[in-house]
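This report concerns only the one structure given below.
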Amino acid sequence: MSLAIPAGLQARESDNLKHEIGVWLGGSFPFPSTPYDDVLDSNVGGGMFYRVNWPWIFYTEFGLSYTTYFSQTTQLLVSAPVYGALVYPLPLPFRLQIMAKLGGGAAYLEVRPQNLHGWDPMLFGGLEMSLLASRKLRVGLRLDANYILDSHRRPPLEARIGYLYPGTTNARYLENRTYELRDGGFYHFGLMVSFIF
């Protein structure tokens with residue numbers, strides 16, 4: 001038995017999908033009262049995102065951002081997270097739309113000037129407060145949080161050798177025989193604008 005779907009019904013279903021592409025710009029900060037907050041300074045960050053109103057009552061969002069965190073030493077950290085998230089628009093009885101987001105992805109991290117770099121898994125969460133300025137334009141505020149999982153890595157070879165041999169040349173390992181890998185959290189608060197088509 002075959003089921004025929006009228007072409008008009010297929011077109012109506014595809015017309016209900018609303019695509020949205022946007023950008024944000026604002027402050028990027030390490031989580032307060034963490035070891036990263038003691039070392040890294042906040043800075044301006046930015047990003048872009050794409051979302052579609054699917055599945056069911058949710059939106060699906062994909063995005064990326066870029067921030068450079070300076071430190072109190074000569075080093076700096078470049079962070080470029082990429083994520084996918086499920087977005088739930090809270091059913092509130094006023095024009096201000098509030099959306100809660102939860103997802104995951106990966107963050108590209110690079111420590112300069114040593115040029116140590118790599119990808120780490122990441123958890124993503126966020127909150128958005130926005131208004132539809134017109135049928136095609138949305139403006140608002142975003143608060144995103146990235147929790148980067150770095151503790152799964154092994155310490156560098158020099159640290160592992162330093163546990164066994166006291167003759168390492170790196171002063172950090174001479175002072176402290178332990179090497180800690182810590183997960184890190186960063187949040188971004190900024191203005192956003194998006195276009196719906």
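Pick from VAL52, VAL111: which is farther than 21 Å from TYR147 by Cβ and among the aliphatic types (A, V, I, L, M)?
After ruling out the rest, the residue left standing is VAL52.
Going through segment 139-148 one residue at a time, which ones are crowded, with 19+ Cβ neighbours inside 10 Å and either of a type outside the set (Asp, Glu) or touching a helix residue (DSSP H, G or I) at 6+ places or on another chain (Cβ under 8 Å) (or both)?
GLY140, ARG142, ASN146, ILE148
Restricting the search to segment 24-51, which residues are of a type in the set (Val, Ile, Thr) and either surrounded by 16 or more Cβ atoms within 10 Å (Cβ to Cβ) or closer than 10 Å to TYR69 by Cα (or both)?
VAL39, VAL44
Could you give every pair whose Cβ atoms fall below 9 Å, whose first residue belongs to segment 88-99 and is farther than 21 Å from GLU61 by Cα, and whose second residue is assigned to a strand (DSSP E or B), counting only separations of at least 6 or pairs across chains?
Listed pairs, sorted by first residue: ARG95/LEU131; ARG95/LEU132.
Each value in this text was obtained by applying a stated rule to the coordinates, not by laboratory testing. Predicted model only: the values in this text are computed from it and were never measured. Note that we place each Cβ from the backbone using ideal geometry, even for glycine, and neighbour counts take in every protein chain shown.
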